[in-house]
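> The structure under discussion is supplied below as structure tokens; questions concerning it will follow.
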Amino acid sequence: QLQASGGGLVQAGGSLSVSCAAPRSIFSRFIMGWYRRAPGKQRDMVARVFQSGTMSYADSVKGRFTISKDNAKNTVYLQMNSLKPEDTAIYYCNAYNWITERNYWGQGTQVTVSS
């Protein structure tokens, strides 16, 4: 349902972006977000954007990452700047509806930041 793309390998201080396309029926009714799982760690929320446009970020990425969405393309983006080696993880797109508690995950895309 969710098609993620982007990511890759970059040196510390560099930038990368990831994107996630969703069906219209999901995109318009779900909270869209990005999570990540670093090696040996649990999956954590990185950023979310609500239907209202309100955004929230994990403290570790505030000021460096920006989540945005294009309603015409049913796509959510995550722009990652000033990347650090600790940002290395598999990044997962997520769609969550808090009323129905339906939860969808994208296939994950690797982001690797070298020091």
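The values are calculated or read from the model by the stated rules, or taken from the named source; none is laboratory data. Since we're looking at a predicted model, the values are computed, not measured. Cβ placement follows ideal geometry from the backbone for every residue including glycine, while neighbour counts extend to all protein chains displayed. These accessible areas exclude ligands, DNA and RNA; they are computed on the full protein's heavy atoms, side chains included. Shrake-Rupley method; radii C 1.70, N 1.55, O 1.52, S 1.80 Å.
> For the subset of segment 72-83 comprising residues that are hydrophobic (A, V, I, L, M, F, W, C) and either free of Cβ contacts under 8 Å to residues at least 24 places away in the same chain or part of a loop (DSSP other than H, G, I, E, B) (or both), which member is farthest from S114 (Cα to Cα)?
A72
> Let me ask another. Consider R102 carefully, then state whether it is over 10 Å from the mean Cα position of the chain (by Cα), within 15 Å of F30 (Cβ to Cβ) and of a type in the set (K, R).
Yes: the conditions hold for R102.
> Within segment 34-43, is even one residue without any contact (Cβ under 8 Å) to a residue 60 or more places away in the chain, aliphatic (A, V, I, L, M) and touching a Phe, Trp or Tyr at 6+ places or on another chain (Cβ under 9 Å)?
no
> Would you say E86 is touching a residue at least 24 places away in the same chain (Cβ under 8 Å) and loosely packed, with under 12 Cβ neighbours inside 10 Å?
yes
> Within segment 46-67, track down each residue that is open to solvent by less than 50 Å² (accessible area, probe 1.4 Å) and either outside any strand (DSSP E or B) or without any contact (Cβ under 8 Å) to a residue 40 or more places away in the chain (or both).
Hits for segment 46-67 are A47, V49, G53, S56, A58, V61, R64, F65, I67.
> Sort through A38, A4 and tell me the only one that's aliphatic (A, V, I, L, M) and more than 16 Å from G106 (Cβ to Cβ).
None of the other options fit; the residue is A38.
> Starting from segment 95-109, take each residue that is polar (S, T, N, Q) and list its partners that are open to solvent by 80 Å² or more (accessible area, probe 1.4 Å), counting only C-beta distances under 9 angstrom and pairs at least six apart or across chains.
Here the result reads N97/R29; T100/R29; Q107/Q3, each pair linking segment 95-109 to a residue that is open to solvent by 80 Å² or more (accessible area, probe 1.4 Å).
> Here's something else I'd like to know. I'd like the residue in segment 30-45 that is among the aromatic types (F, W, Y) and outside any loop (DSSP other than H, G, I, E, B) and, out of all such residues, is most open to solvent (accessible area, probe 1.4 Å).
Among those that are among the aromatic types (F, W, Y) and outside any loop (DSSP other than H, G, I, E, B), it is Y35.
> I need a count of the residues in segment 1-29 that are open to solvent by 20 Å² or more (accessible area, probe 1.4 Å) and either in contact with a helix residue (DSSP H, G or I) (Cβ under 8 Å, 6 or more places away or on another chain) or over 17 Å from G63 (Cα atoms) (or both).
Residues that pass the stated criteria total 17.
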